[in-house]
Amino acid sequence: MPVPDEQIFPHATGNAISTVEAHKEPQELIFYAGWFCPFVQRSWIVLEEKGIPYQYKEVNPYKKEKHFLDINPKGLVPAVEYHGKALYESLVLCEFFEDAYPGHKPAILPGDAYTKAYARLWVDFVSKAFVPVFFRLIMSQEPEKQESARTELYDALRKFAAQVKGPYFLGDEFSLVDVAIVPFITRDYILADHRNYSREGISAEWKQYADHVEQRESVLKTKSDKYAEVYGRYLRDEAQSDAAKAIRAGRVIP
Ligand SMILES: N[C@@H](CCC(=O)N[C@@H](CS)C(=O)NCC(=O)O)C(=O)O
């Protein structure tokens with residue numbers, strides 16, 4: 001029997017347990033999270049990078065409970081309540097944290113207008129050219145569909161890696177571009193185990209970048225060790241998440 005989405009493992013595991021434990025106390029910023037979610041990990045990394053006080057609340061978004069739909073009508077994690085007002089969308093939240101907590105460093109977007117716009121261009125590339133094909137490759141069952149998704153994924157990551165200044169995407173400073181992609185790097189062992197993916201098969205630049213960025217402290221602090229159990233539903237093409245339904249229907253993921 002397939003495991004329904006609403007019965008996923010209920011809490012963070014691995015390194016992320018102690019980060020969750022350290023953020024139980026009420027704060028003016030409530031972070032509604034799912035430990036397993038790569039989009040959550042983006043916003044969580046920025047909270048940890050900046051040392052912003054937040055209260056972590058685990059939500060199972062597949063249950064679509066009313067109290068959570070009141071915060072995010074889309075019913076997706078991550079979401080926040082800030083002084084009683086709600087916001088959601090991982091990348092919007094990352095920029096919100098930067099704007100709402102200007103005293104909390106490091107900045108995740110460069111001060112220079114051109115470089116900031118350039119960073120946003122590559123965040124957009126991650127959202128459009130990489131994330132959908134990451135899910136499509138995991139969900140593909142037939143060998144020829146896997147092959148075509150893998151070719152598309154490799155092509156996107158080669159283009160991305162060719163722009164990496166090193167060690168981070170923009171050079172010495174960790175930025176929103178790294179934040180946007182690193183949760184998927186943390187989970188790429190699932191592709192390596194099941195979809196014939198390898199970092200070195202993409203390019204030496206990609207491997208060097210991926211090996212380095214996944215060791216960032218904020219990434220390690222927000223990392224769980226049970227991702228493979230969640231992605232089993234995707235690997236068997238049984239997931240009923242909004243993203244999985246969109247990928248199957250050829251729609252843009254929500
Ligand atoms: N575009 C959203 C995507 C968030 C998202 O898809 N979250 C998933 C978990 S990884 C979710 O809440 N899924 C619940 C569902 O699909 O019903 C973002 O970047 O925040």
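The values are calculated or read from the model by the stated rules, or taken from the named source; none is laboratory data. Being a predicted model, the structure only gives us computed values, none of them experimental. Every residue, glycine as well, gets a Cβ built from its backbone with ideal geometry; the counts of neighbours run over all protein chains shown. Side chains included, ligands, DNA and RNA excluded: accessible areas come from the protein's heavy atoms. Shrake-Rupley method; radii C 1.70, N 1.55, O 1.52, S 1.80 Å.
Quick check, is Val46 near the ligand (Cβ under 9 Å from one of its atoms), open to solvent by less than 50 Å² (accessible area, probe 1.4 Å) and under 17 Å from the mean Cα position of the chain (by Cα)?
Working: near the ligand (Cβ under 9 Å from one of its atoms): no; open to solvent by less than 50 Å² (accessible area, probe 1.4 Å): yes; under 17 Å from the mean Cα position of the chain (by Cα): yes.
Here the answer is no, as Val46 does not meet what is asked.
So which residues in segment 65-98 are over 16 Å from Ile45 (Cα atoms), under 22 Å from the mean Cα position of the chain (by Cα) and not basic (Lys, Arg)?
First, the residues of segment 65-98 that are over 16 Å from Ile45 (Cα atoms): 65-76, 81-87.
Filter once more, so that each one left must be under 22 Å from the mean Cα position of the chain (by Cα): 68-69, 71-76, 81-82, 86-87.
Listed by number, the residues that qualify are Phe68, Leu69, Ile71, Asn72, Pro73, Gly75, Leu76, Glu81, Tyr82, Ala86, Leu87.
Answer with yes or no whether Asp193 is within 19 Å of the chain's Cα centre (by Cα), modelled with pLDDT of 95 or more, among the charged types (D, E, K, R) and in a helix (DSSP H, G or I). No: the conditions fail for Asp193. Being out of contact with any Lys or Arg (no Cβ under 6 Å at 6 or more places or on another chain), within 15 Å of the ligand (Cβ to nearest atom) and either within 17 Å of Phe96 (Cα to Cα) or outside the structural domain of Tyr82 (by TED's automatic domain parsing) (or both) is the filter here, so list the residues in segment 9-42 that pass it. The answer is Phe31, Ala33, Phe39, Val40, Gln41, Arg42. Annotation: Phe9 fulfils all but one of (1) open to solvent by 50 Å² or more (accessible area, probe 1.4 Å); (2) assigned to a helix (DSSP H, G or I); the unmet one is (2). Looking at Ile71, Ile45, Ile52, just one residue is within 25 Å of Glu214 (Cβ to Cβ), assigned to a loop (DSSP other than H, G, I, E, B) and outside the structural domain of Asp124 (by TED's automatic domain parsing), and that residue is Ile52.
Does segment 152-174 contain at least one residue that is within 20 Å of Ala243 (Cα to Cα), open to solvent by less than 30 Å² (accessible area, probe 1.4 Å) and either not in a helix (DSSP H, G or I) or not small (Gly, Ala, Ser) (or both)? Quick ask: steps written out before the conclusion?
Here is the first cut: in segment 152-174, the ones within 20 Å of Ala243 (Cα to Cα) are 152-153, 156.
After this cut, where a residue has to be open to solvent by less than 30 Å² (accessible area, probe 1.4 Å) as well, the list is 153, 156.
Among the residues that remain, those that are also either not in a helix (DSSP H, G or I) or not small (Gly, Ala, Ser) (or both) are: 153.
Taking every residue of segment 152-174 in turn, at least one turns out to be within 20 Å of Ala243 (Cα to Cα), open to solvent by less than 30 Å² (accessible area, probe 1.4 Å) and either not in a helix (DSSP H, G or I) or not small (Gly, Ala, Ser) (or both).
So Gln141 ticks every box in (1) part of a loop (DSSP other than H, G, I, E, B); (2) open to solvent by less than 30 Å² (accessible area, probe 1.4 Å) but one. Which box is left unticked? Of (1) part of a loop (DSSP other than H, G, I, E, B); (2) open to solvent by less than 30 Å² (accessible area, probe 1.4 Å), only one is false for Gln141: (2). Within segment 241-254, if we keep just the residues that are in a helix (DSSP H, G or I) and more than 12 Å from the ligand (Cβ to nearest atom), the residue that is least open to solvent (accessible area, probe 1.4 Å) turns out to be Ala249. Scanning segment 212-249 for residues that are modelled with pLDDT of 95 or more and touching a Lys or Arg at 6+ places or on another chain (Cβ under 6 Å) turns up just one, Ile247.
Away from the ligand (no atom under 15 Å from the Cβ), of a type in the set (Ser, Thr, Tyr) and either closer than 28 Å to Asp124 by Cα or in contact with a His (Cβ under 9 Å, 6 or more places away or on another chain) (or both), is that true of Tyr101?
Values: away from the ligand (no atom under 15 Å from the Cβ): yes; of a type in the set (Ser, Thr, Tyr): yes; either closer than 28 Å to Asp124 by Cα or in contact with a His (Cβ under 9 Å, 6 or more places away or on another chain) (or both): yes.
Criteria met by Tyr101.
Taking the criterion of being crowded, with 16+ Cβ neighbours inside 10 Å and either within 18 Å of Gln7 (Cβ to Cβ) or among the small types (Gly, Ala, Ser) (or both), the residues of segment 198-225 that qualify are Ser203, Ala210, Ser218, Ser224.
I want to confirm something. Restricting to segment 205-240 and keeping residues that are under 15 Å from the mean Cα position of the chain (by Cα) and within 13 Å of the ligand (Cβ to nearest atom), which single residue is farthest from Gln141 (Cα to Cα)? Selected residue: Ser224.
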